[in-house]
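The values are calculated or read from the model by the stated rules, or taken from the named source; none is laboratory data. On a predicted model such as this, the values are computed, not experimentally measured, just so you know. Note that we place each Cβ from the backbone using ideal geometry, even for glycine, and neighbour counts take in every protein chain shown.
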Amino acid sequence: MISLARKLRLADFFSLGFGTMIGVGWLVVMDDWLRRGGPLGAILGFALGGALLLPIGYVYGQLVRAMPDAAGEIAYTAAVFPRSISFATGWMMLLAYYIVCPWEAVAIGRIASYIFPAMNSFELYRVAGKPVFLPHLLIGLALTALLTVMNYRGIRMSASFQNVTAFGAIALVATFIVAGLRHGSTQNFQPLFSASAPVSILLVLQVVPYFMTGFESIGKASEEASSQFQPRRFLLAIMTAMLVGIGFYVCVIAATAYVAPWQGLLHERFATAVAFERAVGTRWIVSVIMCAAVLSLLEVFNGNFVAATRLLFALGRRGLADSQLGYVHPNNRTPAVAVVSIGIFTAVCMFAGESILVPIAEVGSLASALGWMAACASYLRMQTCAFGRVAAITGILVTGLLLAMKILPTVPGHFSIYEWIALALWIVLGLLLRRRGVAEAAVVPGNV
């Protein structure tokens with residue numbers, strides 16, 4: 001059997017984990033975050049939500065160290081649960097990663113049109129009342145094709161790209177935050193919450209899992225670690241990525257609310273850019289923000305693309321889906337069929353346009369929470385150490401609360417009918433894929 005190439009180092013794993021979390025949400029849906037919680041509600045929502053996820057990060061660090069497998073949650077659950085649970089967990093986590101890819105492919109059109117307004121032309125059709133423009137589609141499709149080819153060619157090329165975009169985005173965001181601090185006021189934070197403090201924080205907490213999903217992507221690339229990489233450093237990469245990610249979100253939200261009155265940003269397309277442009281009074285800072293956004297978009301798109309392709313590859317390799325998905329390119333040593341499949345699916349979903357942006361965050365949050373819960377439950381069944389058991393139980397409780405916030409109709413911000421439909425369609429697609437895999441295994445038993 002041809003194995004995946006082993007070329008990743010500690011910095012590569014950090015940029016994969018951090019980059020898979022930090023996309024362009026801080027620019028594209030900042031208005032939604034402020035509308036949900038107000039400045040302090042959004043800050044506390046991300047800080048509290050991120051802190052609650054740290055025990056889950058610890059669990060993943062231990063699981064990856066014990067089982068460096070591209071299957072991730074599929075492998076962890078398979079060690080202690082039936083194959084059906086293993087498949088269901090992997091399929092949900094695949095949704096959490098894959099769903100980000102069309103999100104970013106659509107978002108690149110929005111960012112480009114902010115810089116070049118002429119791109120908002122040649123309207124093709126509308127979805128949920130929102131127009132889909134030909135230039136937006138073309139640039140998104142071109143980016144999808146670029147990442148597909150790059151990941152087809154090799155993990156080292158993809159990792160180098162991830163490093164440049166992740167560290168470049170951090171540097172640029174730090175630049176515009178520091179530049180804006182001289183032009184703001186704490187008075188701009190008033191009122192601190194959009195509603196009552198508990199409701200404001202709760203509404204933000206509901207989307208934190210989606211925007212923090214990514215730290216566990218490190219496990220999906222663990223098979224591709226360099227032969228000199230020490231397995232205990234997986235935990236270091238995961239925890240560092242999480243802490244830096246929490247700090248990133250908190251700083252950007254606080255800086256945006258500090259430089260401009262937040263209630264005046266709720267109907268702006270790119271609230272972060274508008275706030276800093278109003279405060280500084282020059283266009284150059286918008287250019288810096290947009291460059292940071294482009295790098296953020298590229299890093300999160302590529303990071304989720306890597307994680308999604310490895311999970312799809314693992315489903316095929318383990319006989320849980322069509323075995324062709326488990327094919328490894330003999331020269332590039334990449335999961336070639338899985339890479340091409342995710343690229344095609346991303347391109348198809350792009351045609352839904354901007355209407356998918358915020359609802360996707362809701363469905364992705366639920367899928368992530370399900371995967372994290374299954375991983376924690378698996379670790380609990382394996383673990384005898386008291387600290388490990390406490391971390392796993394804490395993770396289960398946290399993910400249970402996250403699921404309840406989306407499922408219970410009495411909780412503000414619960415799933416709408418459209419989100420339930422989207423989730424149901426994904427489950428049906430998974431059942432069809434699983435049925436094909438089972439049928440194939442029955443014909444060729446050696447594939448199992």
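For the range 180-193, enumerate the residues that are loosely packed, with under 14 Cβ neighbours inside 10 Å and assigned to a helix (DSSP H, G or I).
The answer is LEU181, ARG182, THR186, GLN187.
Quick one: what pairs do we get from the range 1-28, first residue free of Cβ contacts under 8 Å to residues at least 12 places away in the same chain, second of a type outside the set (A, V, I, L, M, F, W, C) and assigned to a loop (DSSP other than H, G, I, E, B), C-beta under 8 Å, 6+ apart or different chains?
The qualifying pairs do not exist here.
Among the residues that make up the range 230-251, is at least one of them in contact (Cβ under 8 Å) with a residue 12 or more places away in the chain, more than 30 Å from MET67 (Cβ to Cβ) and hydrophobic (A, V, I, L, M, F, W, C)?
yes
Just name the residue that is surrounded by the most Cβ atoms within 10 Å (Cβ to Cβ) out of those in the range 114-134 that are assigned to a helix (DSSP H, G or I) and at pLDDT 85 or above. First the steps, then the outcome.
Filtering the range 114-134 down to residues assigned to a helix (DSSP H, G or I) leaves 114-115, 117-119, 134.
Okay, now just the ones that are also at pLDDT 85 or above, so 117-119, 134.
Values: PRO117: 9, ALA118: 8, MET119: 19, LEU134: 13.
Restricting to residues being assigned to a helix (DSSP H, G or I) and at pLDDT 85 or above, the top hit is MET119.
As an exercise: evaluate GLY371 against (1) under 26 Å from LEU137 (Cβ atoms); (2) modelled with pLDDT of 80 or more and give the number of the one condition it does not meet.
(1)
If I filter the range 160-179 down to residues being under 18 Å from ALA254 (Cα atoms) and touching a residue at least 60 places away in the same chain (Cβ under 8 Å), which single residue comes out as surrounded by the fewest Cβ atoms within 10 Å (Cβ to Cβ)? Don't jump to the end; show me each part of the working.
Our first condition is that a residue be under 18 Å from ALA254 (Cα atoms); within the range 160-179, this holds for 169-179.
Keeping just the survivors that are touching a residue at least 60 places away in the same chain (Cβ under 8 Å) gives 169-170, 172-173, 175-177, 179.
Values: ALA169: 28, ILE170: 20, LEU172: 19, VAL173: 24, THR175: 15, PHE176: 25, ILE177: 19, ALA179: 18.
The residue in question is THR175.
Have a look at LEU366, LEU315, LEU325, LEU397 and point out the one that is in a helix (DSSP H, G or I), at pLDDT 90 or above and touching a Lys or Arg at 6+ places or on another chain (Cβ under 8 Å). Write out each step before concluding.
Values: LEU366 fails: at pLDDT 90 or above; LEU315 fails: touching a Lys or Arg at 6+ places or on another chain (Cβ under 8 Å); LEU397 fails: touching a Lys or Arg at 6+ places or on another chain (Cβ under 8 Å).
Exactly one of LEU366, LEU315, LEU325, LEU397 is in a helix (DSSP H, G or I), at pLDDT 90 or above and touching a Lys or Arg at 6+ places or on another chain (Cβ under 8 Å), namely LEU325.
For the range 303-317, how many residues meet the condition of being buried (at least 24 other Cβ atoms within 10 Å of the Cβ) and either touching a Phe, Trp or Tyr at 6+ places or on another chain (Cβ under 6 Å) or charged (D, E, K, R) (or both)?
4
Please indicate, with yes or no, whether at least one residue in the range 51-66 is surrounded by fewer than 24 Cβ atoms within 10 Å (Cβ to Cβ), part of a helix (DSSP H, G or I), more than 18 Å from the chain's Cα centre (by Cα) and of a type in the set (Val, Ile, Thr).
no
Any idea which of ALA47, ALA42, ALA107, ALA96 is outside any loop (DSSP other than H, G, I, E, B) and either surrounded by fewer than 23 Cβ atoms within 10 Å (Cβ to Cβ) or among the β-branched types (Val, Ile, Thr) (or both)? Full working, then the answer.
On the way: ALA42 fails: either surrounded by fewer than 23 Cβ atoms within 10 Å (Cβ to Cβ) or among the β-branched types (Val, Ile, Thr) (or both); ALA107 fails: either surrounded by fewer than 23 Cβ atoms within 10 Å (Cβ to Cβ) or among the β-branched types (Val, Ile, Thr) (or both); ALA96 fails: either surrounded by fewer than 23 Cβ atoms within 10 Å (Cβ to Cβ) or among the β-branched types (Val, Ile, Thr) (or both).
Going through ALA47, ALA42, ALA107, ALA96 in turn, the sole match is ALA47.
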